[in-house]
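The values are calculated or read from the model by the stated rules, or taken from the named source; none is laboratory data. Keep in mind that this is a model prediction, so the values were computed, not measured. Every residue, glycine among them, receives a Cβ derived from its backbone with ideal geometry; neighbour counts consider all protein chains shown.
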Amino acid sequence: MTRWEPNARGRLELAALELYGERGYDQTTVAEIAKRAGLTERTFFRHFADKREVLFYGARMLQDSLVRVIADAPTGLPPIDAVGASLEAVAGQLEERRDLARQRQAIVAATPELLERELIKLASLSAALAGALRRRGVTDPAAILAAEAGVAVFRVAFQRWTSQSADSGGQTLAQLIRQSLAELKAVTAGR
């Protein structure tokens, strides 16, 4: 085995998803993931803190992108629309990884420990969105409500997106985000 392997992180991610799908998250070890990827355990730990983080390592980058879009949104844009614009802006990044997102979603849904981690990630995301809105001058509770509603919109759209069959074509994540936000607005307007 060479000292440097190209795309080690990607190879580890693919190996982990394959093994989690085949054997289950709890039954898969870091050693098995590294072996499947053709790498060492040491290389695994250079990229991930533990086997759970293979499924969550992109959360911080996603959060930073969302916050940046809110910060750059036009002045005067209603808080929920600023959040919606940020969600749509990052949808393209996720769209490129649809098959992996679908695999990841199934693994997380099947494992209570991972579901708990997912909820913590979403709570952190909501707090970051609310903070970005506050920096735009949105006061509480409007900042918190818009952020929480945005996370709910994302969850619904993401679930719908990953549930679509791979061969159906289906809607893009951005389309589903717009649709879910419109449905939320209709519900709150009493329609």
List, please: which pairs have Cβ atoms under 6 Å, are six or more places apart or on different chains, and start with a residue in segment 6-32 that is under 15 Å from Phe56 (Cα atoms) and end with one that is aromatic (Phe, Trp, Tyr)?
Leu12/Phe44
Of the residues Val156, Val187, which is surrounded by fewer than 18 Cβ atoms within 10 Å (Cβ to Cβ), in a helix (DSSP H, G or I) and touching a residue at least 24 places away in the same chain (Cβ under 8 Å)?
Val156
Does at least one position in segment 159-166 carry a residue that is of a type outside the set (Val, Ile, Thr), outside any helix (DSSP H, G or I) and loosely packed, with under 13 Cβ neighbours inside 10 Å?
yes
Could you list, in sequence order, all residues of segment 110-141 that are under 18 Å from the mean Cα position of the chain (by Cα), outside any helix (DSSP H, G or I) and small (Gly, Ala, Ser)?
Ala110
For Leu87, indicate whether it is assigned by TED's automatic domain parsing to the domain that holds Gly170, touching a residue at least 24 places away in the same chain (Cβ under 8 Å) and surrounded by 12 or more Cβ atoms within 10 Å (Cβ to Cβ).
yes
For the structure I just gave you, tell me whether Gly137 is outside the structural domain of Asp26 (by TED's automatic domain parsing) and either modelled with pLDDT under 95 or within 20 Å of Gln179 (Cβ to Cβ) (or both).
no
Would segment 45-67 turn up any residue that is more than 19 Å from the chain's Cα centre (by Cα) and not assigned by TED's automatic domain parsing to the domain that holds Gly131?
yes
Subset of segment 13-68, residues among the β-branched types (Val, Ile, Thr) and within 23 Å of Leu122 (Cα to Cα), comes to Val54, Val67
Among the residues of segment 41-52, is there at least one that is surrounded by 15 or more Cβ atoms within 10 Å (Cβ to Cβ) and either basic (Lys, Arg) or in contact with an Asp or Glu (Cβ under 6 Å, 6 or more places away or on another chain) (or both)?
yes
Residues of segment 105-127 being over 27 Å from Glu18 (Cβ atoms) and crowded, with 17+ Cβ neighbours inside 10 Å, which ones?
Leu125, Ser126
